[in-house]
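The values are calculated or read from the model by the stated rules, or taken from the named source; none is laboratory data. On a predicted model such as this, the values are computed, not experimentally measured, just so you know. Side chains are part of the model used for accessible areas, which takes the heavy atoms of the whole protein and leaves out ligands, DNA and RNA. Shrake-Rupley method; radii C 1.70, N 1.55, O 1.52, S 1.80 Å.
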Amino acid sequence: TLIPTRHKFTVNNQQLYTWCALDAVFMPGLLGDVAQVSSTCPITNYPISLTISPTGIEAVEPATTVLSITIPGISCRCEDDEPTKAKTGPKSDGCSQMLFFASEQAANQWLNSHPGVALFSPEEAYQLANANWISRQRTA
């Protein structure tokens, strides 16, 4: 999206945004291009950066970064309930709960009040995305 969100997504020198952390992980595989992703931990406000290629996670800073993914299901329906919401982001609870965290310790503070969410390393999230979307798209 061109609408600013927490997750900046730069591909081919074009600044874009993703609705959630999981979008940022799987989009490079679907686009077939390398992306620079930057976000902030909602607990520590520490900056997080990733380089993600079509074949996986190339770099992560800090190395302790994890992301939350809603369960059950992995799909994210980002729908606005009114036109003004488009300026602030998606309505979807799924999207709003899929975030990057600077560490598992920071994420665990947040998880206590967010049931139905699991933590994944960026590499695990990419493998999950590859199995569910990227590889299917390549064979379609």
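Between T64 and N112, the contour length at 0.36 nm per residue exceeds the Cα-Cα span by 15.4 nm.
Accessible area ranking (1.4 Å probe, heavy atoms, ligands and nucleic acids excluded), largest first, for T64, T1, T55: T55, T64, T1.
Within the full protein context, the accessible area of I71 is estimated at about 90 Å² for a probe radius of 1.4 Å.
In this structure, the amide hydrogen of Q97, modeled 1.01 Å from its nitrogen in the peptide plane, lies closer than 5 angstrom to no residue at least 5 positions away or on a different chain. Among W110, W19, the sequence by solvent-accessible area, most first, with a 1.4 Å probe is W19, W110. Ordered from largest to smallest accessible area (heavy atoms of protein chains, 1.4 Å probe), the residues D33, D23 come out as D33, D23.
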